[in-house]
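The values are calculated or read from the model by the stated rules, or taken from the named source; none is laboratory data. Here the structure is a predicted model, which means the values were calculated and not measured. Virtual Cβ from ideal backbone geometry, glycine too; neighbours counted across all protein chains shown.
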There are 2 protein chains.
Amino acid sequence: QIIESLPAFFLPQVLQGKKLLITAGPTQEPIDPVRYISNHSSGKMGYALASAAQQLGAKVTLVSGPTQLEKPINCEHIAVKSAEQMLDACQQHAQQIDIFIACAAVADYKLTEVAEQKIKKTQHQLSLQLTKNPDILATIAQQINKPFCVGFAAETQDVEHYAKDKMQRKNLDMIVANDVSNQAIGFNSDQNAVAVYWQNGQQNFPITDKQSLAIELLQLIAKRHAQTN
Amino acid sequence: QIIESLPAFFLPQVLQGKKLLITAGPTQEPIDPVRYISNHSSGKMGYALASAAQQLGAKVTLVSGPTQLEKPINCEHIAVKSAEQMLDACQQHAQQIDIFIACAAVADYKLTEVAEQKIKKTQHQLSLQLTKNPDILATIAQQINKPFCVGFAAETQDVEHYAKDKMQRKNLDMIVANDVSNQAIGFNSDQNAVAVYWQNGQQNFPITDKQSLAIELLQLIAKRHAQTN
């Protein structure tokens, strides 16, 4: 709360002139006109990053899945529902940006076929066939003249192992890992604690509110981005 | 808004001394620790009914799935997530009530097995096995000394046919039907239009705000309840 009300000139403008694209929230993958698959992401971390990046001098585009949060001020806000809609929105902006932060909890799978009418509950058992969604972060990270790419890894076990593997596999510059099996942090919480990994480096951020963490993460991202470009 | 601020003594206390149990909102059926299946119910209709019933003199217990709504004043509020949790809460109260209004959009299916850890996206295709959830309304409507039971039918086609069939099949006293394929009403909207059916009768309620509709519906429910008991 205090950080939100601080005038921007109190914070060193480490992202002055930089264009950031940030994704936030869950995605919703429709099953039929009334049902969907989603996840417990509140969008709070991504919205905090968008707000903090703007305070650090960046021009921010926020692509957001369905959340209950207020739009951050002075950010371009694009509302989407499904992973495919989020990918479309990101691809329309990804050529003109310096830094891409993929904070959204994108649904890994969508329905292979979406039912046009509400599925009747006539059967005792029902089988849903799912197909992998496009990988938004990997798609952006593979483009020519790719932006500095930062991913998030929300895991419930072997957090460091899965996070580092994801960074290598997707060609990322940094990855922010958190353990969502700890209910005090992560999904729906106002607080978070993360570990950040990059090529030959890492830094731990102990538990704090998501607004403060967003400022600290962006200061590290700005430093790493300056060193690698 | 006007109705909410009207002192209760302006409304005839047609539910004075009656105990109502109302369900509202969607349910969430976990797939794994981060993913779930749900539906687009906002809970607004159920919450409006709880608030209106209290204004009409009733003692109200509201069993609610996850919503973003404020708890109605002067109602007992029980928060649940899954259909099984909602059934448990309803069964604990259903012996002591006069009227049961099942307004929640209960998930028809749950995962046959819930994964303890986040499912990794190693496969290109994934199949989810679902099993029918317990039917909360039918369970309460089959109990000895059953309360006056009112169901809701949210349909996208053949609304009257499906609604009347549901009323007969589940042994209900009334059913409130709406066509959720009309985006101006129903899920997530502040307005609704419904048709109500009972044994040898029906009444249409044209489009209006959910607070006003809740008062009108409860006045009809109170009348039908008085006539059948």
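Structure notes:
- Flag for A:VAL150 being in a strand (DSSP E or B) and either surrounded by 16 or more Cβ atoms within 10 Å (Cβ to Cβ) or more than 10 Å from chain B (Cβ to nearest Cβ) (or both): yes
- Check on A:SER42, closer than 30 Å to B:ILE31 by Cβ, hydroxyl-bearing (Ser, Thr, Tyr) and assigned to a loop (DSSP other than H, G, I, E, B): yes
- Filtering region B:70-86 to residues that are buried (at least 16 other Cβ atoms within 10 Å of the Cβ) and within 14 Å of chain A (Cβ to nearest Cβ) leaves B:LYS81, B:SER82, B:ALA83.
- Number of residues in region B:174-203 that are surrounded by fewer than 20 Cβ atoms within 10 Å (Cβ to Cβ), part of a loop (DSSP other than H, G, I, E, B) and small (Gly, Ala, Ser): the value is 3.
- Taking the conditions (1) modelled with pLDDT under 95; (2) within 19 Å of B:PHE148 (Cβ to Cβ); (3) within 12 Å of the chain's Cα centre (by Cα) in turn, B:ALA94 satisfies each one other than (3).
- Any hit, region B:204-225, residues being assigned to a loop (DSSP other than H, G, I, E, B) and either surrounded by 15 or more Cβ atoms within 10 Å (Cβ to Cβ) or modelled with pLDDT under 95 (or both): no
- First in region B:76-104 and of a type in the set (Lys, Arg), second anywhere and part of a loop (DSSP other than H, G, I, E, B), Cβ under 8 Å, 6 or more apart: B:LYS81/B:THR27; B:LYS81/B:GLN28; B:LYS81/B:GLY65; B:LYS81/B:PRO66
- Subset of region A:45-69 [more than 9 Å from chain B (Cβ to nearest Cβ), in a loop (DSSP other than H, G, I, E, B) and out of contact with any Phe, Trp or Tyr (no Cβ under 8 Å at 6 or more places or on another chain)]: A:LEU56, A:GLY57, A:ALA58, A:GLY65, A:PRO66
- Within region B:94-114, being crowded, with 18+ Cβ neighbours inside 10 Å and either of a type in the set (A, V, I, L, M, F, W, C) or under 23 Å from B:ARG224 (Cβ atoms) (or both) holds for B:ALA94, B:ILE97, B:ILE99, B:PHE100, B:ILE101, B:ALA102, B:CYS103, B:ALA104, B:ALA105, B:VAL106, B:ALA107, B:LEU111.
- Residue among B:LEU130, B:LEU126 that alone is aliphatic (A, V, I, L, M), closer than 30 Å to A:ASP165 by Cα and more than 14 Å from the chain's Cα centre (by Cα): B:LEU126
- Qualifying residue in region A:13-36 (condition: in contact with a helix residue (DSSP H, G or I) (Cβ under 6 Å, 6 or more places away or on another chain), in a loop (DSSP other than H, G, I, E, B), among the polar types (S, T, N, Q) and at negative phi): yes
- Selection of first residues in region A:117-145 that are more than 13 Å from chain B (Cβ to nearest Cβ) and of second residues that are exposed (fewer than 13 other Cβ atoms within 10 Å of the Cβ) and not in a strand (DSSP E or B), restricted to Cβ pairs under 8 Å at least 6 apart or on distinct chains, gives the following pairs, ordered by first then second residue: A:GLN143/A:GLN95; A:ASN145/A:GLN95.
- Listed conditions (1) more than 11 Å from chain B (Cβ to nearest Cβ); (2) part of a loop (DSSP other than H, G, I, E, B) are all met by A:ALA89, apart from (2).
- Qualifying residue in region A:156-167 (condition: of a type in the set (Phe, Trp, Tyr), assigned to a helix (DSSP H, G or I) and either under 22 Å from B:HIS124 (Cα atoms) or over 13 Å from the mean Cα position of the chain (by Cα) (or both)): yes
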